[in-house]
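Trainee: Got a structure for you, questions after.
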Amino acid sequence: MYTLKLKAVFLLTLLISSTVLVADSHPKRILFIGNSYLYYNDSIHNHVKRMLVEHYNDNEITTKSATIGGSRLHNHNVDHLLNHKNLQLDQQIDLLIMQGGSGEVMTSKSRKKFSDTAYSLSSKAQAQGIKTALYMTHAYTKADKRYKENLIERIAKTYYEAANRSGSSVIPVGEAFEIAYKENPSIELHHPDGTHPGMLGTYLGAATVFAVITKTSPEGLSYNYLNRVSDKDKIFLQQVAWKAYLNSTLK
């Protein structure tokens, strides 16, 4: 009888532990580092948080952002940022999302520097049990003098290779932009300057981050950028984000 009681207590404890593990399996503290591609349009970390809170029904999810205008990945002091107290957090982050400068893909030298930095920063984070991801930038439009045809191919190659080397996930925002423009050429994802994201571009970026983190489609989320994204655009961009994520899993 006593043995049966012990077994029952053990099984109950195991069940409770498993339930807690499942409940806490999603990242609760996420840090983005990058440049103005992230902080335009009220900062992407805010939109990702709202999407995740809606999806997980977890108001304790926290997102932080450390950005430097015009910066490249190596410009960030990640040693400082990996001290969670410097982020005003009580616990360490679960996920580090890194975005490189748009110009880092332009030459073999800058691509190597980006890859080396992604590897170094990811290693430091992973040593503390932090998952890492690379936020793939989008290509320029013709409004920017740096525009090059098929630049997305160079961007994608750079990010996937760096991700494979560093043991990081890829957040295929740049490829999501390409899919969206191909399916709806009239949509405006870029700021008029041809380099920064416009309002819809930031929403698409956030939806793509959501897809990678949750491994589920953002379709059905009610979040609409504080009523600044129409239902038509919201549904389309959510679908595109999911397509981009699924395509990325095949690479």
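Bear in mind these aren't lab numbers, they're just calculated from the coordinates by the rules spelled out. Worth saying up front: this structure is predicted, and the values here are computed from it rather than measured. Methodologically, a virtual Cβ is constructed for each residue, glycine included, from the backbone with ideal geometry; neighbour enumeration extends over all protein chains shown.
Trainee: Using each residue's phi in the stretch 93-106, evaluate 6.51 cos²θ - 1.76 cosθ + 1.60 at θ = phi - 60° and report the 3J(HN,Hα) Karplus result to the nearest Hz, with x for Gly and Pro.
Mentor: Result, rounded to whole Hz: 5, 9, 9, 10, 10, 10, 10, x, x, 4, x, 6, 9, 6.
Trainee: What's log10 of I(q)/I(0) for the stretch 82-237 at q = 0.11, 0.12, 0.13, 0.19 Å⁻¹, Debye sum over Cα points only, no solvent?
Mentor: -0.48, -0.57, -0.67, -1.22
Trainee: Enumerate the amide H contacts of residue 101 below 5 Å, restricted to partners 5 or more residues apart or on another chain; note that Pro and chain-start residues carry no placed amide H.
Mentor: Counting only residues 5 or more places away or on other chains, the set is 73.
Trainee: Compute the convex hull volume of the Cα atoms of the stretch 132-183, divide it by the residue count, and report the result per residue in Å³ as a whole number.
Mentor: 72
Trainee: Taking the Cα centre of each part, how many Å lie between the stretch 70-100 and the stretch 197-251?
Mentor: With the stretch 70-100 and the stretch 197-251 each reduced to a Cα centre, they are spaced 24 Å.
Trainee: Just to be sure I follow: if Rg is taken over the C-alpha atoms of the stretch 36-167 and Rh is the Kirkwood radius over the same atoms, what is Rg/Rh?
Mentor: Using only Cα positions, Rg/Rh for the stretch 36-167 is 0.98.
Trainee: Right, here's the next one. Near the amide H of residue 170, under 5 Å away, which other amide H atoms are found, from residues 5 or more places off or on another chain, if H is placed in the peptide plane?
Mentor: For residue 170, the qualifying residues are 134.
Trainee: Taking only Cα atoms of the stretch 183-243, what ratio of Rg to Rh do you get with Rh as the Kirkwood inverse-distance radius?
Mentor: 0.95
Trainee: Could you derive backbone 3J(HN,Hα) for the stretch 51-58 from the dihedral phi with the Karplus parameters 6.51, -1.76 and 1.60 (θ = phi - 60°), listing whole Hz in sequence and x where the residue is Gly or Pro?
Mentor: For the stretch 51-58, the Karplus-derived couplings read 5, 5, 4, 5, 5, 8, 6, 10 Hz, x marking Gly and Pro.
Trainee: Report the rotationally averaged projected area of the stretch 91-174 based on its alpha-carbon convex hull, in square nanometres.
Mentor: Average of the hull's projected areas for the stretch 91-174 equals 5.6 nm².
Trainee: Now for a different question. To the nearest 20 debye, what is the magnitude of the charge dipole of the stretch 27-248 about its Cα centre, counting +1 on the Cβ of each Lys and Arg and -1 on the Cβ of each Asp and Glu?
Mentor: The dipole magnitude comes to about 600 debye.
Trainee: Quick one: work out the % antiparallel among DSSP beta bridges in the chain, nearest 5.
Mentor: 5
Trainee: Separate question: Starting from the alpha-carbon convex hull of the stretch 162-210, give the projected area averaged over all orientations, in nm².
Mentor: 4.0
Trainee: I've got another one for you. Kindly provide the helix-only [θ] at 222 nm of the chain, computed as the sum of -39,500 (n - 2.57) over DSSP H runs of four or more divided by all residues, to the nearest 500 deg cm²/dmol?
Mentor: Roughly -15500 deg cm²/dmol at 222 nm, from the helical runs in the chain.
Trainee: Sorted from fewest to most neighbouring beta carbons within 10 Å, what does the list 105, 229 look like?
Mentor: By the 10 Å Cβ count, ascending: 229, 105.
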